[in-house]
Every structure is written in structure tokens, then in C-alpha cells.
Amino acid sequence: MATPASLEYAEDFVPEDDILREARRRGVEVGATPLLPGCGAALCFLATVANARSVVEIGTGCGVSGLWLLRGMRQDGTLTSVDVDPELQRMARQTFAEAGYAGSRTRLIGGRALDVLPRLADGGYDLVFFDAAKQEYLEYLTESIRLLRPGGVVAFADALWRDQVADPTRRDPETVTIRELGRMVREDERLRPLMLPLGDGLLVAVKLPNA
């Protein structure tokens, strides 16, 4: 079992660069909670392994997670990112531009995830990443299975939710929903799941070829 020191080592194994650090600083200033480096590096890795050309991100934030995803995607890939906060999306555009990504590489959509997701194409995406309203995670899972191509990857941030998911006495709505999400992903025969203890937990699953 990994010690706290080992988990901290793993979290910082792939460090942020100056652009990511500055994006994180801007996000913290406005009350956002940027993805930690370990989770970001995992997203970059997953996008690379999936040879991702089309990615959906729910929760643009300040652009930290989106930049990790872009760095793992194909050079002709497009990141579609959805958020209800236009100011956060403005900050994300700034982050992407500072990192040298043309505007054509990103499609930022303002609005609620559950309003936008049904408009996206069935089977049209290689990776879908969620870091938004925790009480909507079960609906997000349903949408993700429809959106992903066979062999595509879905990822959920905050899957350990402040160390509360593993504690059965914790019954607040967010914890209960995330705990139920884990059960559903684990038991869905269309998915091959994995829980990564990075950041606040990253739940990932591959959509099986015959799903």
C-alpha cells in the first residue's frame, strides 16, 4: 500500500510547466478548483493512448485540464469543452493561446452539460472527461456511453471526493452519487474500469469493442 509520501511523489511525477502553473493561479483567484498535476498527466496519457482526435470535456474551468488533454491529442484533434461560466471559458481561451494552440483546435460551448450533451454525435468521440456538477455524474455516464466510439475512454474527476466515498457513513448527496457512479461503472458489462488514486481520484473506463 502506497504511503502518503509515495502518493505525493506520484502526483508530482510529471510536473506542470509555467503555462499550467499560471492557469492554475488564475483559476484559484476566481474560486475554481483546477485539476492537480497527477490527474492532468493521466488525462494527457489517456488521450495519447487513445490516439484521440475528438474529445469532450465537461467543466472547462480555467483551461488546466483542457491543456493537458490537448497535449495528448493528435495534432489534427479538436477539444469540445462545455461550461456554464463564460469568464472561466475566457480564461481557458487565454491558457490555450499562451500554449500556442490555434482557436480551431478548441470548441468552447457555454451552457449546462445536460442541455449540450444530447446535441453531440453518437459514437463521435475518443475520450470524454467530466469535472462538473457531481450530482449529475450518473446522467453524464449515460451520455458518455452513447458519445464514445468502441475503444473510447470516459474519465470522471473527484472520484474519491475528499476521501469520503470510501467511508460508508458519509451520506451527503455528492458522495452518494459518486459512490453509485463507481458501482455502475464497475458493474457495466460494456465498460472496463479502473480507479486511479491521483488528485481527488480519477475514475476511468474503456468502452469495450462490442458494446
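Read-outs: derived from the displayed coordinates by stated rules, not from any lab. Predicted, not measured: the structure shown is a model, and the values here were computed from it. Please note: Cβ atoms are built from the backbone with ideal geometry, for glycine as well, and neighbour counts cover all protein chains shown.
General remarks:
- The set of residues in the stretch 165-176 being under 20 Å from LEU35 (Cβ atoms) and either surrounded by fewer than 19 Cβ atoms within 10 Å (Cβ to Cβ) or charged (D, E, K, R) (or both) consists of GLU174 alone.
- Qualifying positions in the stretch 1-50 - charged (D, E, K, R), part of a loop (DSSP other than H, G, I, E, B) and touching a residue at least 24 places away in the same chain (Cβ under 8 Å): ASP12, GLU16
- Top-ranked residue of the stretch 112-162 - restricted to ones that are among the acidic types (Asp, Glu) and touching a residue at least 60 places away in the same chain (Cβ under 8 Å), ranked as nearest to LEU203 (Cα to Cα): ASP131
- Candidates in the stretch 51-84 are the residues that are of a type in the set (A, V, I, L, M) and in contact (Cβ under 8 Å) with a residue 60 or more places away in the chain; of these, the one that is farthest from ASP131 (Cα to Cα) is ALA52.
- Of all the residues in the stretch 177-211, those that are of a type outside the set (Gly, Ala, Ser), crowded, with 20+ Cβ neighbours inside 10 Å and in contact with a strand residue (DSSP E or B) (Cβ under 6 Å, 6 or more places away or on another chain) number 7.
- All positions within the stretch 128-144 that are among the β-branched types (Val, Ile, Thr) and under 14 Å from GLU57 (Cβ atoms): VAL128
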